[in-house]
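A.B. asks: This is the structure, below, for whatever I ask next.
The values are calculated or read from the model by the stated rules, or taken from the named source; none is laboratory data. Computed from a predicted model, the values in this text were never measured in an experiment. When we count neighbours, we look across all protein chains shown, and the Cβ atoms used for this are built from the backbone with ideal geometry, even at glycine.
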Amino acid sequence: MPNRSSKTREVDPNVRGFLTVMRATGQVEDDALIGGGSLNGKNPAAVALGRLGGRKGGPARAASLSAAKRKAIAKRAARARWASASKGKARPR
């Protein structure tokens, strides 16, 4: 599997200790301002809206597809997986 740029890097223990002391003494209220938050600087409203659309989109698309169309999509995906397996990659499970 390729390395993804979105993987979070492990924070240096010295930085983690510094942030812990800063939070404990009340100098910093939220480490999201420093980059340690779970949203990584993203707008929480935009994240919620994107998640809402993603949760609606998949089931809506599945409901609109006929059985024949779903079968065609599945066959094409299987062919793509097996084609990449024949190029030296591991076989799909």
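A.B. asks: In the range 61-93, how many residues are outside any helix (DSSP H, G or I), modelled with pLDDT under 90 and more than 30 Å from Glu10 (Cβ to Cβ)? Walk me through it before giving the result.
C.D. replies: Start the filter on the range 61-93 by keeping residues that are outside any helix (DSSP H, G or I), which leaves 65-66, 87-93.
Cutting the leftovers down to modelled with pLDDT under 90 gives us 87-93.
In the following step, the residues that additionally are more than 30 Å from Glu10 (Cβ to Cβ) were identified as 87-88, 91-92.
Qualifying residue count for the region: 4.
A.B. asks: Within the range 22-45, track down each residue that is assigned to a loop (DSSP other than H, G, I, E, B) and modelled with pLDDT under 55.
C.D. replies: Initial filter on the range 22-45 (assigned to a loop (DSSP other than H, G, I, E, B)): 25-30, 34-43.
Listed by number, the residues that qualify are Ile34, Gly35, Gly36, Gly37.
A.B. asks: So, of the residues in the range 50-60 that are surrounded by 10 or more Cβ atoms within 10 Å (Cβ to Cβ) and under 30 Å from Glu10 (Cβ atoms), which turns out to be modelled with the lowest pLDDT?
C.D. replies: Arg51
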